[in-house]
1. Of the residues in region A:142-197, how many are more than 18 Å from residue A:216 (Cβ to Cβ) and either assigned to a loop (DSSP other than H, G, I, E, B) or basic (Lys, Arg) (or both)?
2. Quick check on my filter: what residues within region B:70-123 are free of Cβ contacts under 8 Å to residues at least 12 places away in the same chain and farther than 30 Å from residue A:86 by Cβ?
3. Filter region A:136-170 for residues that are small (Gly, Ala, Ser) and within 23 Å of the chain's Cα centre (by Cα) and give the result.
4. If I ask for residues that are assigned to a loop (DSSP other than H, G, I, E, B) and under 12 Å from residue B:126 (Cβ atoms), which ones from region B:216-241 would you list?
5. Name every residue in region B:150-185 that is in contact with a Leu (Cβ under 8 Å, 6 or more places away or on another chain) and more than 8 Å from chain A (Cβ to nearest Cβ), in order of residue number.
6. Any idea which residue in region A:277-287 is farthest from the other protein chains (Cβ to nearest Cβ), counting only those that are assigned to a loop (DSSP other than H, G, I, E, B) and surrounded by fewer than 22 Cβ atoms within 10 Å (Cβ to Cβ)?
7. Considering each residue of region A:211-245, count those that are of a type in the set (Ser, Thr, Tyr), in contact with a Leu (Cβ under 9 Å, 6 or more places away or on another chain) and surrounded by fewer than 23 Cβ atoms within 10 Å (Cβ to Cβ), and give that number.
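The values are calculated or read from the model by the stated rules, or taken from the named source; none is laboratory data. Computed from a prediction, not measured in an experiment: that's the story for all the values here. Note that we place each Cβ from the backbone using ideal geometry, even for glycine, and neighbour counts take in every protein chain shown.
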Amino acid sequence: METRRLVLTLTSIFVVLIVLLGGLTVILVAGGGGDDTGDTAGDGNGGGDPSGDANDLGDRIEGELRLFGPDPITLDPACASDAGSAEYIVEIFSGLVSFDLDLKVIPDIAEDWEVSDDGTVYTFNLRGNVLFHDSSRPVSAADFKFSMERALNPATQSTVGEVYLDDLVGAAEFADGDADEVSGIKVIDPRTLELTIAEPSAVFVEKLTYPTAYVVDEREVGDSTCFEGNWTLTPNGTGPFKMEEWDLGRKIVLAANPRFHLTPAPSLARVTYILSGGSSFVMYENDEVDVTGIGINNIETVRDPNGDLNADLREGPSLDVFYIGFNAREAPFDDADLRNALSLSIDREFLAREFLLDLVEPAKGILPPGMDGYNEGLADIPFDPEAARGLLEQAGGAGLLDGATILTSGQGATPSDILQAVIAMWEQELGIAVTIEQEDFGLFLRDIDDGNFEMFSLGWIADYPDPQNFLDIKLHSESLNNESGYTNPAVDALLDQADGEVDEAARLALYQQAEELIVDDMPWAPLYHGKASYLVKPYVDGFVIPPFVIPNLRYVTINR
Amino acid sequence: MPAGLATYILRRLLLLPVILLIVSFVTFALGRYAPVDYVEIQAGPRAQPETIERIREERGLNDPVPVQYVRYMGNVLTGDLGVSTRYQGFPVEDVIFPRMWISLQYNAVVLVLTFAIGLPMGTWAAMRRGTWQDPLSIGVLLVFASAPVLISIPLLQWLFAVKLGVLPSGGWSEAEYLGVELGLFSKHAVLPILALTLPGVAGIARYMRGQVLEVLDQDFVRTANAKGLQAGVVVTRHVARNALLPIVTILGFELAALIGGSIFIETLLGIPGIGLLAFESIKSRDYDTITAIVLVGSTIFVLTMLLIDIAYGFIDPRIRVEGSIS
């Protein structure tokens, strides 16, 4: 072999490769070029600083809050169905009403509203001083009609429009394409919007806090569907913060909206969300973010009273419940005795205190602490293996549960410790061997929707802080989300009655009665309620992780 | 260029569309026939089944898969790669190319470092055969080569980010240099490059050592030594060059992997590259994005392999094409 030939060849391979790589680079850079022009347009809107791309360590901007955020699926208010997307949307956009940090509904773009005597006609008076971010014009009632109809319009292809706006008269006809407009949305004048619902509802106004009912700028959005999202790179919203930069999958930078119409107006100059970057806890220790959640691996380090991080620890409620659902449609799980036997043999106190290190509260019912209607007086579900064995005998014996499976969502790795602990308790106390079956999340949702399971483990997080969102949505026999297939006419009657009840105290009492019946029947074995445990840097004031998604950043200040 | 070679290249290039057609159809069909689609996943538990069904119908997901495939390929041929559903509403090219660019950046550095360090190191170890340096260096390398990134990355993170505090624990940041967005010069690039280079160097060095040892036993090396050439000259001119030949194949595979980011590396370090995107796209059934990633990836793979085959022809005349192509 000639060595000269070898050298020549290797050299030419490298030349060709460099050319190829160069060509690829040009293509990739050109591909990214489209984004750059979008950014420039965004800067034109927001008057952003020219050195916006410097986000290295130490390059800090006065009044900047740095967060680790979920990578959103969409920032189109009409289309978002997940909390990860809603977290940004509630800061950039806004609606007629929103929640404050006490979880009370407050007026937002609406100044106030009146409800007709029969509880079906809501008249919202809009503020005159709410401008879109580009300051081009004030928000009018017609903008709301456009935005809500857009969410319901089948051409928009939103999956959530009908979920949150279905109370409106004419919503179903419009969503089915049988009407040209939603008759329940009327523009009385530019500052008066009238919404009519079919039946009185205690939660209608709360549903309007959800992004689906937020206002968007028709001139920007036009007839974009949920699958044409380019406009959301420079969203012209009305919320406390405006978009400065969205680098897909990498970061979102928001800047304060100086003309925001509520007090307190945002005090942060900007908020940078890092959307990817590994462990947020390590990033917090490394001073790359100002807030982080805490998981089971880190909680003991943080709780150490002599540790550096102990002073930064914050805790708050989280409106959710984690439970094991039983398929109440089919034997053997159609038997309340058997379900109660399984539930009574779970040591919830141990799970919450020893196993999850107090990161959760043991559940005694369905409703989480901190929610209106939470029943302090409800008895704890005892850990009583003796009674459990008796009930199981009564139901037909442990043999009924031979080969029983519990369905959970997972990628095939080790299933959650908590589920394994529950199964170990069942094995020890009742002598039954339950198998865990893991499924990809999408498949899991479909299977529990179709009733294709014996038991499953799942959590439910509030969309809005009302018992209706838990009891009616999850356990009414006619609800689409009643995966357990639980049916109790007495419960249904109470829930229906509560739905129409205008007196708040009476309504909550009805929900508590329904909850007691449900706990007796045990269609789910509720395990625990989450708590938000997180760290906040000492120079950040007013930051709380709310128990569900609400706009919380305008309350935050940075003092250093 | 010999005529035989030109025909050979041409034939291979003509095969490319066929390969891509097969690859794209398999990827496409795997996605479509797999249970649950993106509409269902994104709708979450609260959406009404009728709404989901209506959107499916409007988006053509209810059509027979071959019909959907023909429609998709028609669009691809006109340059439209479709719409992402994980990043709902953004064109696929806007989603994947910036991500590939990120994976390419750190992979390219890793590739250069791996060969630049691994080849001399392997040669050195082979030349020290019989001394303590050889087993020691190879033993150390073996540790790096066998430690999966799932273990090495948390260790590196702990050391550099938490303990020493000199590097960010993850993420990626870019700044503009001469009009090009580059992340290579930021501290964020150090950990992924380190985590990939260590096992890479180990692999190449061990392979190179084996090759060199084989060549050292050849007659021509003995001859070179016998005729009194200096040891250094023997190594560079006779041993290393001959040992390099099989390395070209490895180089080919490494090149083809340039834009295929590692799912593990990118997930653990939170690097928004193509590996992380692929993983997320599969979880969320982002059909068009998955198919596009596979299409672009396989195009580059096929072209690189072709390049390597051609290179072999040049390097070693004994490997001639003769029309017998595997």
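1. 13
2. Answer for region B:70-123, where residues must be free of Cβ contacts under 8 Å to residues at least 12 places away in the same chain and farther than 30 Å from residue A:86 by Cβ: B:70, B:71, B:74, B:75, B:77, B:78, B:79, B:80, B:112, B:116, B:120.
3. A:147, A:151, A:158, A:161 - these are the residues of region A:136-170 that are small (Gly, Ala, Ser) and within 23 Å of the chain's Cα centre (by Cα).
4. Answer for region B:216-241, where residues must be assigned to a loop (DSSP other than H, G, I, E, B) and under 12 Å from residue B:126 (Cβ atoms): just B:217.
5. Matches in region B:150-185: B:150, B:152, B:153, B:154, B:156, B:160, B:167.
6. Filtering first and then ranking leaves A:287.
7. 0
Quick grid of which residues meet (1) over 30 Å from residue B:267 (Cβ atoms); (2) at pLDDT 90 or above:
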| site | (1), (2) |
| --- | --- |
| B:41 | no, no |
| B:48 | yes, no |
| B:75 | yes, yes |
| B:79 | yes, no |
